[in-house]
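Chemist: Quick one: this structure, given as C-alpha cells, is what I'll be asking you about.
The values are calculated or read from the model by the stated rules, or taken from the named source; none is laboratory data. Just so we're clear, the structure is a prediction, and the values are computed from it rather than from any experiment. Note that each Cβ is placed from the backbone with ideal geometry, even for glycine, and that neighbours are counted across all protein chains shown. What goes into the accessible areas is simple: the full protein's heavy atoms, side chains included, and nothing from ligands, DNA or RNA. Shrake-Rupley method; radii C 1.70, N 1.55, O 1.52, S 1.80 Å.
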Amino acid sequence: MSTTEWLKPLERILDCPVRLVKMQLSEWNDIAEKNHYLQAEEHGRGSALEGQRVQREDKMWVAVRAVEHEIEVLEIEGSRFEASTLDLLSLMLRWNETRPAHDKAAGKLTESEKTARSIGEWIQEQFESGEPGQSMPDHLTAGGKLFADMIPFLLVTEYSNTKQAAYVELEKLLRSFLAEEILLIPLREQEWLIWGPVSLLKEADSELFDDDDEESVEDNLASICLGLHEMLASEWIGECHLAVSHPIRPAKGIVETTAALRETINLGRKFHVGSNIHFPWNLQLERLLNSIPESQRARYLEQSLKRTELFVEAEMLATLETFFSLDCNVSETAKKLYIHRNTLLYRLDKLKQETGLDVRQFRDAVLVKIILLLYKVTKRH
C-alpha cells in the first residue's frame, strides 16, 4: 500500500490532520538538529531515515522516504501522542518502505520508476479530489513525451497473495514484449497502468491501414492485448485481467482513461465471468445495463420470460453465446458448435416456443441478448 492510500485512515486513528509534504534533505537535517529529536535510540542517525521523528512547535514530522536530495515527510498537526503510538507509526513506515526491497537497488529507484510513481500518485490524488480531469502538470510529462499518442493498457492481478514481481522486472518484461518506449505506472495495489507506442499497431498489421479505420485499429489492439495477456499470465503474475483502449495523449487524458479502463475491467468481470481480457467497444450494452438499478433489472428479467429455466441449461446458453458472437449467422454457428444446421434450428425453435422470442428476428435477438446479460448478473445474487 502506498503512503497516500493510508493518509485518511491515519487521520482517523490519530484524530488530527495528516499531510504528506516534501522538503530538501538538508532542510530536514537542519530541523532535526535545531528541534527536539525523537528518534528511538536503537535507530541511530546513521541508519535509514524512514520512521525518524521531529517535534516542532505544535507539529510532529515523521520521515517517510528519502530519494537523493529530497525527503517525504508526514506532517501531523498535534503535540501530544502516546510514545507507543509514535513508535508503532515509525515501525510501520520503516516496514512499508523496506518491504519491497527487491524493487530497489541500495534504496534507490531508477529514473523511470521515480517518474512513474509520481504520475501514479498524481492520478490517485485526482480521483480523491472528487474533480478528476485536470491535465497533467508539465513536470510529469517526461519532457513532453506524454503529449504524443500512446496505447493505454490496464493490468489488474487476480489474487492479493500472488507473488508480486519487482517494478524493474515487470518493466523489463514489457519492454522486451512491447517496445522500449513503454511507460509502466503503478496505481493501486495489484493494479498497473501501461502505455505503449502507437507504432505497435503498425507492427501488428503488416499492411498499411487508414488510421480512421476503427475496425482495423480495434482488431489490432485486441491482437496486441491477447498476446500481452498470454505473456503476463505465463511468465509473470499468473491469473490477471487486462483491458486496452484507443490511443490517446496521456498528458491530456490520463485520468479519464484510467477511469474508463477500470470501468471496462469491472464490467467485464461482472457480466462475463471467466473472461480475462476486456475491450470497451465490446461492453457498450453492458455499460448501459449496469446503470439501471438492480431492482429494475430483476423485475424486467422476471417479466420478460415465460420460463427462466431454459436459460439455466448449459446447452442453450452455449448455443446462444456462440450465435451472438457470430453475428447471428446460423451456418457459422452450427459449424462452430459441431452440430447439424437442423439441430441448431431445432434449438432456436424451442427457445421461440418456450419464451416467445425468435432470435432470428433482430428485435427479439436484441431482447434475448439483454436478457442473457441480465441473467448472468441476477442469478449470482
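Residue-wise test of (1) assigned by the TED database to the domain that holds residue 201; (2) at pLDDT 75 or above; (3) open to solvent by 80 Å² or more (accessible area, probe 1.4 Å).
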{"site": "57", "(1), (2), (3)": "no, no, yes"}
{"site": "89", "(1), (2), (3)": "no, no, no"}
{"site": "129", "(1), (2), (3)": "yes, yes, no"}
{"site": "137", "(1), (2), (3)": "yes, yes, no"}
{"site": "146", "(1), (2), (3)": "yes, yes, no"}
{"site": "151", "(1), (2), (3)": "yes, yes, no"}
{"site": "156", "(1), (2), (3)": "yes, yes, no"}
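Chemist: Taking only the stretch 324-333 into account, find how many residues are under 20 Å from residue 373 (Cβ atoms) and open to solvent by less than 60 Å² (accessible area, probe 1.4 Å).
Modeler: Residues in the stretch 324-333 being under 20 Å from residue 373 (Cβ atoms) and open to solvent by less than 60 Å² (accessible area, probe 1.4 Å): 4 in total.
Chemist: What's the total number of residues in the stretch 237-278 that are over 18 Å from residue 192 (Cβ atoms) and either not in a helix (DSSP H, G or I) or not assigned by the TED database to the domain that holds residue 184 (or both)?
Modeler: 7
Chemist: For the stretch 240-252, indicate whether the set of residues that are at pLDDT below 85 and not basic (Lys, Arg) is non-empty.
Modeler: Taking the stretch 240-252 first, the residues at pLDDT below 85 are none.
No, the stretch 240-252 contains no residue that is at pLDDT below 85 and not basic (Lys, Arg).
Chemist: Can you tell me how many residues within the stretch 268-282 are closer than 15 Å to residue 376 by Cβ and at pLDDT below 95? Break it down stepwise before answering.
Modeler: Keep residues of the stretch 268-282 that are closer than 15 Å to residue 376 by Cβ, which gives 268-275, 278, 282.
Restricting the remaining residues to those that are at pLDDT below 95 gives 268-275, 282.
The number of residues fulfilling the criteria is 9.
Chemist: If you don't mind, another one. Any idea which of 227, 268 is touching a His at 6+ places or on another chain (Cβ under 7 Å), of a type in the set (Gly, Ala, Ser) and on the phi < 0 side of the Ramachandran plot? Outline the logic, then answer.
Modeler: Working: 227 fails: touching a His at 6+ places or on another chain (Cβ under 7 Å).
One residue alone meets the criteria, 268.
Chemist: For residue 217, are the conditions met, namely being at pLDDT 80 or above, more than 16 Å from residue 182 (Cα to Cα), surrounded by 20 or more Cβ atoms within 10 Å (Cβ to Cβ) and aliphatic (A, V, I, L, M)? Spell out how you get there, then give the answer.
Modeler: Working: at pLDDT 80 or above: yes; more than 16 Å from residue 182 (Cα to Cα): yes; surrounded by 20 or more Cβ atoms within 10 Å (Cβ to Cβ): yes; aliphatic (A, V, I, L, M): yes.
When the stated conditions are applied, residue 217 passes them.
Chemist: Oh, and also: Among the numbered criteria (1) open to solvent by less than 80 Å² (accessible area, probe 1.4 Å); (2) under 16 Å from residue 224 (Cα atoms); (3) at pLDDT below 85, which one does residue 180 miss?
Modeler: Failing condition for residue 180: (1).
Chemist: Checking the conditions here, which among 244, 273 is open to solvent by 80 Å² or more (accessible area, probe 1.4 Å) and of a type in the set (A, V, I, L, M, F, W, C)?
Modeler: Going through 244, 273 in turn, the sole match is 273.
Chemist: Just to be sure I understand, how many residues within the stretch 158-177 are modelled with pLDDT under 85 and of a type outside the set (Asp, Glu)?
Modeler: 10
Chemist: Could you check, for the stretch 252-267, whether at least one of its residues is small (Gly, Ala, Ser), open to solvent by 50 Å² or more (accessible area, probe 1.4 Å) and out of contact with any Leu (no Cβ under 9 Å at 6 or more places or on another chain)? Full working, then the answer.
Modeler: Here is the first cut: in the stretch 252-267, the residues small (Gly, Ala, Ser) are 253, 259-260.
Then keep just the ones that are open to solvent by 50 Å² or more (accessible area, probe 1.4 Å); that gives none.
No, there is no match, as no residue in the stretch 252-267 is small (Gly, Ala, Ser), open to solvent by 50 Å² or more (accessible area, probe 1.4 Å) and out of contact with any Leu (no Cβ under 9 Å at 6 or more places or on another chain).
The rows are residues; the columns are (1) open to solvent by 50 Å² or more (accessible area, probe 1.4 Å); (2) outside the structural domain of residue 263 (by the TED database); (3) part of a loop (DSSP other than H, G, I, E, B); (4) at pLDDT 90 or above.
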{"site": "297", "(1), (2), (3), (4)": "no, yes, no, no"}
{"site": "302", "(1), (2), (3), (4)": "yes, yes, no, no"}
{"site": "310", "(1), (2), (3), (4)": "no, yes, no, no"}
{"site": "317", "(1), (2), (3), (4)": "no, yes, no, no"}
{"site": "322", "(1), (2), (3), (4)": "no, yes, no, yes"}
{"site": "335", "(1), (2), (3), (4)": "yes, yes, no, yes"}
{"site": "339", "(1), (2), (3), (4)": "no, yes, yes, yes"}
{"site": "346", "(1), (2), (3), (4)": "yes, yes, no, yes"}
